[in-house]
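Remarks on the structure that follows.
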Amino acid sequence: MTKKYVYAKSKYVRMSAQKVRLVADMIRGENAVYASEVLEFVNKAAALPVRKTLESAIANAVNNEGMDKKELKIVEARVDDAPIFKRGRAVSKGRYHKILKRNSHIIIAVSGEQQKTAAKKTKAKAVKAVSTEEQKEEIEKQGDTIEKKKKEALEKMKRMDIAKKAQIKTTGTQRKVQAKG
């Protein structure tokens, strides 16, 4: 079992880094699943892009590295400045006021115990091979009920065959039932 950091980045988020940092500070060092649930109810606009980035980091860790989702911890939650869109507005007396539209980059890293899939599979096989007497009895009972269901299904099929043999013929307004023999 080795510790490994798995990253997710959201670049050029159209929100001030200062505002996003308020949300990122809330989740730093927390359990990843817990932090995701907390962000769902945070009353800040920045919570949505931070939550999406966190969910992406969790998915990367689970799918690419085979880590356990419940054991992931947020080890790094960083918000950096991105390039600023510079706009402006004409005001009185021929002057001009700058309008800075700030952007940010969100970087989140999660860490957990990396599990080896081969070891997991062999463990699962060993658990399946070793079973108690009670489990064996349950399996036998289930086998008996399966056999009963098979018999019921065969009987139902036989009844359906008999029903198919008796055809209903319509001639005019009268109905006649003919049995094939």
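Based on what the data block shows, is Ser111 modelled with pLDDT of 75 or more and either in contact with a Phe, Trp or Tyr (Cβ under 7 Å, 6 or more places away or on another chain) or not in a helix (DSSP H, G or I) (or both)? Yes. Against the list (1) modelled with pLDDT under 95; (2) surrounded by 12 or more Cβ atoms within 10 Å (Cβ to Cβ), the condition Lys70 fails is (2).
With respect to the conditions (1) of a type in the set (Lys, Arg); (2) assigned to a helix (DSSP H, G or I); (3) at pLDDT 95 or above, Arg87 lacks only one, and its number is (2).
Residues in region 1-21 that are under 22 Å from Ile99 (Cβ atoms) and among the aliphatic types (A, V, I, L, M): Val13, Met15, Ala17, Val20. Of the residues in region 124-138, not one is surrounded by 10 or more Cβ atoms within 10 Å (Cβ to Cβ), at pLDDT 75 or above and acidic (Asp, Glu).
The values are calculated or read from the model by the stated rules, or taken from the named source; none is laboratory data. Because the structure is a prediction, the values reported are computed rather than measured. Here the Cβ is made from the backbone with ideal geometry for all residues, glycine too, and neighbour counts use every protein chain on show.
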